[in-house]
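What follows is a single structure, written as structure tokens, with notes after it.
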Amino acid sequence: MASRRDDPKTARASIALAGARGVTAAMLSDQPRRDVVRNTIFASLLLLAVAVALAGLAFLIGDSLIKGAPRLNIDLLTNGTSALPANAGLRSAIIGTVWIISFVALFIVPLGVGAAIFLEEYASKESRLARTVEVNIQNLAAVPSIIYGLLGLAFIARSPLNLGFVVLTASITLTLLVLPIVILVSREAIRSVPPSIREGSLALGATQWQTIRHQVLPAAIPGIATGVILALSRAIGETAPLIPLGAATFVTFDPSGPLSGYTALPLQIFDWVKQPQDEFQVLAAAGIIVMLVLLIAMNSFAIWLRNRYEQRW
Amino acid sequence: MSEVDAMTQDDSKPETEPVGGESPRAEHPTIAVKTQFQPGSAGDASEKEKVFELKDISVAYGGNPAVKDVSIDVYKHEVTALIGPSGCGKSTLIRTLNRMNDLVPSASVTGELLYHGEDLYGPTVDPVQVRKLIGMVFQKPNPFPKSVYENIAFGPKTLKMEGEMDEIVERALRRAALWDEVKDRLDDNAFGMSGGQQQRLCIARCLAVAPDVILMDEPCSALDPISTGKIEDLMMELKEEFSIVIVTHNMQQAARVSDRTAFLMVELDADEQSRWGRIVEYDDTQKIFTNPSDPRTEDYVSGKVG
Amino acid sequence: MESSGHIAASQVPAITRPRLEAASPRYGEKVIYWLLAACAGLSVLTTTAIVISLIVPSIEFFGEVPIFEFLLGTDWGPTFTPPGFGVLPIVFGTLSVTLWALVFAIPVGLGAAIYLSEYAGPRVRRILKPILEVLAGIPTVAFGFFALVFITPQIQKIWPSFLGSEPGIFSVAAGGLAIGLMIVPIIASVSEDSMSAVPAGLREGAYALGATKARVATKVVFPAALSGIVASIILAVSRALGETMIVLIAAGNTPNENLLENFNPVEAIQAMTAFIATTATGDIATGSITYKTVFAVAMVLFLMTLAMNLLSIRFVRKYREVYE
């Protein structure tokens, strides 16, 4: 048993007490005017910090809007890949992203929700298995995304799965990348269903799975859906994991299926960024705006979904 | 008199078997009861049927005792009340009757618990099956966040009971004295109902799966007096079909509705580190409240200690 | 149990043994249990796969390149002839960008956090927090582009001459600033959570003594929330270490052998992630020395972020303990 001195509550209280003591000492000395000045300076610095963050965001979006404005037209979306800026567009990339993300969605829902259900409803919280899985999930969430790309290169594109550089490879890789997000959010959604609901169901003679399937999960679905959408929007924006997967950025065809070669939105934009010509810079900016619009729309939808359907207990 | 004949009697109060050879309640002016049995008639073939027989039941959570050495019998078609101050393990005890304590990993139950003569904790016993037969209503009403209809229909559907679902739902709601209030609002969300209605909904939900016993863990403590009264009336009706065990911290309620009452007290160990509950007295409700054998019971029911 | 008031004798079941055994063996439930366990186990499988994918080539790598030459050498050029395998230049490149990112992100992030937690009213919070979420959701390729086409020219424009020559197209300054902007939401939201969790009683005691907000924020709330704040910074560091696109686009791809010069904001550098991204293209041959080098570098990166993550978990646990 930790001694009282090591108890975090005591540590916190004593830190706060020390602070309060300092405050009192300052109060009782005669520096009230200095205080007001200090307070104003401090508050201004804080506002400055907030302003800088907001300005950064504003400049990022604004600059892209300004630079990309000349190409923000329908051609951007309907043109396929081309070495000539005037003929280049996002069509192949959009189709590629749609293919990739469709499969990611298909994978992350059962895998992520399944893992969340297992951890919340079946595994005893103290068991070795539960804790191992949890530690793993936490660590996976912190692994740099490019390393997932290397994983995809090593085991999915090449042996043992040997899928090559196709849509499915990208989908599996991105699934593994965003799975921790889905698991985390789903667990929270499931956890927010009160135990009394489970008790009520079990007391009627329902089995554990029947309780989960008919009472717990339906109530948790709004939260889970929000998490899935957030995970998908993260997956859409990821470039680094796709680079080792040999995604040819100069595909001249539209990706046609899970086993076809592909390009994706962020990859296409990256390719344009790398080009020296100014016209490609314009395209890159326009592409970024398209991607931002898509992501903001998805995230807003996810938040609306949660607010509209969230179960209040 | 055979038991079957006894059951077909048009009595408003059930027969009771006097415990410990006490004189029957017939002497008490407010309740007229026909006693069918001789005092001390254990072993008599016409003895009242027992639903539960508890022999030295003790429950502990992770080694810490919660309730010790409970040995009582619960009888069919009676309302049996468990009363006592808080912390005396009444809830723990009632949850052993439908194996809800199984849901707590650290809980351990020792002793023998017979349900209609069968060991409820036997090796082949399935807790899910147990809970079909022994239903429970909880302290805080816990309807599902669905419509009234879906709440009631969930049990029968999941248990694959036979019959027209609409009929089953209506019958359960009628039985819980809720039908008239909700018959036009079956598709409304249960969360929109008042507390008293929600609790009756939970009772109806429990009835829909046709249990044998209904356990009620402080069913009225979260409700207003009018709803409480409605549910108490309901209990008196329901005991004709079912057997009811109720935990209540409200003594007057126990006196009003129950046929038999068990009084539990808290015990502390030598250095006051742990506390658990124990049955002090278990008897006819009338006796417990008017002429208890144990002075501790007397103190509690007269309000001297709480 | 019909809904009649009386039970006719014929309807009373003979007192039979209640059926307490399971009606069916319920194999379905067991199957479901194992399916769900497999889903959870996938995370363990993924970690194992990542570790194996990194370890095997790394071990082979160290069979060909002495480990100390790798870890302590400064001659980095695995694709050149003759190849150099001293990894320090790119490690320092990564560290440099991360450091400059923190120089920007810590004051801005903490400032925003304190503001949100102690100063902002509910309406302001309702606007500000979603904006921070937007910032957090912006793809890194957009940050990289921003660094290249906006930040870099601006820096070049306002660069004071007394600091020497201005940065070129690629610079640590541009990359660091962009990464800094990217990690501000991490620091801001985790720190703000931590500060909000400080009990109101502690603040009120100080206010009751007449303390100004500044004092309460700095002397009471900040110290009390310290472990959560530290956790947020560690998380941000971990994120910055692993960032690829921004460094690739804005910080350049030229490793600098002079380790200390890596920290010069006007210099271009090569980060570990940039090296991996440019070298591990689709046509890299499994088993070639280049392939193994890529994975050895990835191994170093993985270990660095893993260490950061484990450290931050420690701090998060400490601050959670008190309030839960």
Working only within the range C:103-153, note down all residues that are out of contact with any helix residue (DSSP H, G or I) (no Cβ under 8 Å at 6 or more places or on another chain) and either on the phi > 0 side of the Ramachandran plot or outside any helix (DSSP H, G or I) (or both). C:121
State all residues of the range A:154-207 that are touching a residue at least 12 places away in the same chain (Cβ under 8 Å), outside any helix (DSSP H, G or I) and more than 10 Å from every other protein chain (Cβ to nearest Cβ); if no residue qualifies, say none. A:163, A:166, A:192
Which residue is surrounded by the most Cβ atoms within 10 Å (Cβ to Cβ), if the candidates are limited to the range C:190-209 and must be more than 9 Å from chain A (Cβ to nearest Cβ) and aliphatic (A, V, I, L, M)? C:190
Members of the range A:113-141 that are under 24 Å from the mean Cα position of the chain (by Cα) and aromatic (Phe, Trp, Tyr): A:118
Would you pick out the residues in the range A:40-69 that are more than 24 Å from the chain's Cα centre (by Cα), surrounded by 17 or more Cβ atoms within 10 Å (Cβ to Cβ) and more than 7 Å from chain C (Cβ to nearest Cβ)? A:68
Residues of the range A:184-198 being within 16 Å of residue B:102 (Cβ to Cβ) and surrounded by fewer than 17 Cβ atoms within 10 Å (Cβ to Cβ), which ones? A:195
Residue A:143 - would you say it is within 22 Å of residue A:212 (Cα to Cα) and among the β-branched types (Val, Ile, Thr)? no
Where a residue in the range B:209-230 is polar (S, T, N, Q) and its partner, wherever it lies, is in a loop (DSSP other than H, G, I, E, B), with Cβ under 7 Å and at least six apart: B:221/B:139; B:221/B:249; B:228/B:220
The range C:19-69 - residue that is more than 30 Å from residue A:161 (Cβ to Cβ), assigned to a helix (DSSP H, G or I) and not charged (D, E, K, R) and, of those, nearest to the other protein chains (Cβ to nearest Cβ): C:28
Residues of the range A:177-223 being touching a Gly at 6+ places or on another chain (Cβ under 8 Å) and either outside the structural domain of residue A:138 (by TED's automatic domain parsing) or over 24 Å from residue B:128 (Cα atoms) (or both), in sequence order, are A:179, A:181, A:182, A:183, A:184, A:185, A:186, A:188, A:189, A:192
Of the candidates C:127, C:131, the one satisfying the condition of being surrounded by fewer than 23 Cβ atoms within 10 Å (Cβ to Cβ), of a type in the set (A, V, I, L, M), free of Cβ contacts under 8 Å to residues at least 40 places away in the same chain and more than 9 Å from chain A (Cβ to nearest Cβ) is C:127
Within the range B:143-192, residues among the hydrophobic types (A, V, I, L, M, F, W, C), farther than 19 Å from residue A:203 by Cβ and not in a helix (DSSP H, G or I) come out as B:177, B:186
Hey, among A:72, A:77, A:140, which residue is within 13 Å of another protein chain (Cβ to nearest Cβ) and either touching a helix residue (DSSP H, G or I) at 6+ places or on another chain (Cβ under 7 Å) or modelled with pLDDT under 90 (or both)? A:140
Counted residues, the range B:189-217 - those being among the small types (Gly, Ala, Ser), facing another protein chain (nearest Cβ under 10 Å) and buried (at least 24 other Cβ atoms within 10 Å of the Cβ): 1
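Every residue, every condition in (1) without any contact (Cβ under 8 Å) to a residue 60 or more places away in the chain; (2) in a helix (DSSP H, G or I), yes or no:
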position	(1), (2)
A:224	no, yes
A:228	no, yes
A:231	no, yes
A:235	no, yes
A:253	no, no
A:270	yes, yes
A:280	no, yes
A:283	no, yes
A:313	no, no
Count, please, the residues in the range C:163-185 that happen to be crowded, with 23+ Cβ neighbours inside 10 Å and either without any contact (Cβ under 8 Å) to a residue 12 or more places away in the chain or in a helix (DSSP H, G or I) (or both). 14
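The values are calculated or read from the model by the stated rules, or taken from the named source; none is laboratory data. No experiment lies behind these values; they were computed from the predicted model shown. Note: ideal-geometry Cβ built from the backbone for every residue, glycine included; neighbour counts use all protein chains shown.
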